[in-house]
Structures are given as structure tokens and as C-alpha cells.
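Inspection log for the structure reproduced underneath, given as C-alpha cells.
Just so you know, all these numbers are worked out from the coordinates, no wet-lab data involved. Just so we're clear, the structure is a prediction, and the values are computed from it rather than from any experiment. Every residue, glycine as well, gets a Cβ built from its backbone with ideal geometry; the counts of neighbours run over all protein chains shown.
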Amino acid sequence: MTLWRIRATVDDRPGYLSVLTASLALRGVNILTVQVQPTEQGAVDDFLVDAPDALDGAELVAAVERGRGRDCWVARSEARGLADQPTRVLGLANRLVRDPDAAGEALRTMLGADSVSWRPASIGVERGITGATMLLADPAGGSFALHRAAPAFTPAEYARAQALVELAATVVRRAAEQVTLVLPDGAELAVRPACAADVSGVQELHEVCSPRSRHRRYLGGAALPQPARLRRLLEPSRGLSLIATTTGSDGAAESVIAMANLVGEGDEAEVALLVRDDWQRRGLGSALLRRLAQHADRAGYAALVLHVQAENTPMLRTLQRLGRPGSAERDGALLTLTVPLVAERKGTLSTPGA
């Protein structure tokens, strides 16, 4: 038996795929995998089959055409073709996370392209597919041009390829956004925007923080927040979340030691911090707050808002170090602090009753 890849178009109507598969079965062809890709011309069926050694490509094409298939393309396949498409794409995505510069090679592997080239951005260039040519927008600038003699590219393949290119651009952007923070005592930390993949690390941060630190962060209690809530905090619909991690030197695993959240509410942005107990009072909270304030400035928010317990002196001092004037309203043991976002200038925060 020999492995073959077959691609053919059939009318997107009930029963037409079964007619094609029955025609192949009559020739002793065993279908191992099939993917269906809708197009304007019909359903493009992509098969991996195991066929008798006596069958050649021309006979497979004839069997497809007898099964009402058209625009048939066949090619011998290797054993690695037995890996299904989602598995292959996930493997390529994992490779890009480690090496985003390999985007071109990942595209070639995923689509079996004959050539992949990158070109600078050109005004008026139409992105999309034209038969054997695919042009993809590179979010980092420019575009990727792919060519494959056969079979013709499909819209589904274009969508997969564009998603892979955007993943590579995201990895590059996140690496550029990561900064090394040097604290006053000389300790070095990495600070970067958070994402949903950081949930487990942030969960560990909450677990090692004292109940007092968690209570000061969430005000309503010291219980551990659920993963769903953490995911919303890490990737807010409006705003930004930062995490600070140890650098993982000497082979040690990266550890999340602080989380800073900015969530947009109308024209204001609410801010909150959680710093691991053994990293408090070292300037880390002030550095994170300053970065969130700069982001809020650029995003056009009118003010920062913080809800702080009146007895939370460390947080009040952190806000004072921000160097921006503000006001406070007290409701029992709770202070609501508002810092207008204007050109940075020296000032003090008035905290009545504090």
C-alpha cells in the first residue's frame, strides 16, 4: 500500500462527498484523513489515503472524477503526513513562540509552498490568494509572498497562514515590550504585559502572598480568586496588566512576583497592585504604578482611580512617590484616590483622615 494526498472539489450538496468516497473504495483506497474546506466553487476535500501499490496517480484521478470530483490533484505522501493538520499547526505555533524569525519556514512547512519570500510594504498591493500565489500581511510591516504550483491555495489555508504570521508578530512585539527593571537595591526583574498563559504563574503568586496582602489587593476578602477572574484581569477588554518576574538565571524557572492591573471604566482607569510579601518595600510597586500611569496617559484616560484601605500606608506611600497631585474621598475605612492624568509635575496627595 502507498500513501497519497488527494485534493478535489465537489459540489457542496448532500451526498456528493459519499459518492466520491465510494468511488475510491471501489478501487481499494482506504481514506485515513479528510478535511473539507468550503469555497465559492464548492467544497474542497483534502484526503490522505492508503492505496494499493498497483494504482498510479492517473488511476486515482480517474476514480475521483467518476465520483463527481473535479480539479483533482494527487501526490505521493510520506509517513509524516499521518499527523493531522491541527497537530502540525500547533507544533509550528510552538516553534514560532521559541523562534518568531522562523515564520517563513513555518509557512512553507504548513502549506507545502514551493517558495516563500518577504517583501517591503507596497501601496496598492492586494492581500489574498490568486490561484497558486498567496500574499499575507505582516503586522510588523511588509508582506509574505508564497507560491505553490499545485494545488491552488484555499481561503481556509489563507486564514491559517495569516493567523501564524500574526502569532509570530505578537511574539516579537511582546519581546520588545519586555523591559529589565533594576530596583534600588540592585535586584533585576523582567516586566512585561500579561497574557492568559500567565494564569498559573499568577495563581502561584496569590498562593504565596499573605492573606493580608490579598485582602489589601481585593478589599473584600483574602480568598484566592478563581482562574476565570484572573484571566479577565490579565487580559482586560480595556486596559493593561503587567507582571514582574524573576529573570530565571542559573537555570531557575521564571517566577511571577508582582501583578499590576489597569482597567478602563469610561474615561477613568482603575489601578490595583499585588506584590509578593518578600518583594514589598523595595520600589517594585512604585515602578509598576509609574508604568501604568504612563500607559493611561498615552491611552487618553482622564484620571487614575485607586480604592485603598485607609490603614494601607505602604500603598499610600507608593502613590505619593508617583509625584502627581490628586485627591481622596473617605468612606469609613476605604479611601478612593483620584489622580488626574495631566503633564507630570511634582505634587502631593491629600488624604483626609489618613
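Details
- Length gained when the stretch Asp297-Thr180 is fully extended (0.36 nm per residue, less Cα-Cα span): 40.0 nm
- Order of Leu136, Leu17 - criterion: other Cβ atoms within 10 Å of each residue's Cβ, fewest first: Leu17, Leu136
- Using C-alpha pairs below 8 Å separated by at least 6 residues, the relative contact order for segment 2-80 is 48 percent.
- Simple spin-label estimate for Ala150 and Arg231 gives 4.5 nm between the two label positions (7 Å along the Cα-to-Cβ direction from each Cα).
- FRET efficiency estimate (nearest 0.05) - Cβ-Cβ, Glu188 to Ala159, R0 41 angstrom: 0.50
- Long-range amide H partners of Arg68 with built H, under 5 Å: none
- Two-site FRET efficiency, Arg98 against Gln309, from Cβ-Cβ distance with R₀ of 41 Å, rounded to 0.05: 0.45
- For the pair Arg88 and Gln37 in one chain, pulling the backbone fully straight at 0.36 nm per residue adds 16.6 nm over the alpha carbon distance.
- Formal net charge of residues neighbouring Leu55 (Cβ-Cβ distance under 15 Å; K, R +1; D, E -1): -1
- Segment 106-245: relative contact order in percent, alpha carbon pairs under 8 Å with at least 6 residues between: 17
- The charge dipole of segment 85-177, taken about its Cα centre with unit charges on the Cβ of Lys, Arg, Asp and Glu (plus for the first two, minus for the last two), comes to roughly 140 debye.
- Shape index of segment 179-340: Rg/Rh, with Rg the Cα radius of gyration and Rh the Kirkwood radius from the inverse mean 1/r over Cα pairs, equals 0.94.
- Value of relative contact order over the chain, rounded to a whole percent, pairs C-alpha under 8 Å and six or more apart: 9
- This model, with +1 at the C-beta of Lys and Arg and -1 at the C-beta of Asp and Glu, gives the chain a dipole about its Cα centre of some 980 debye.
- Taken as entire DSSP H runs, the helices of the chain that both span 15 Å or more between Cα atoms along their own long axis and average 1.0 or more on the Kyte-Doolittle scale are 16-26.
- Amide H contacts of Leu341 (H built 1.01 Å from N, under 5 Å, at least 5 apart or other chain): Ala303, Leu304
- Cα-centre dipole for segment 179-340 with unit charges at Cβ (Lys and Arg positive, Asp and Glu negative), debye to 20: 220
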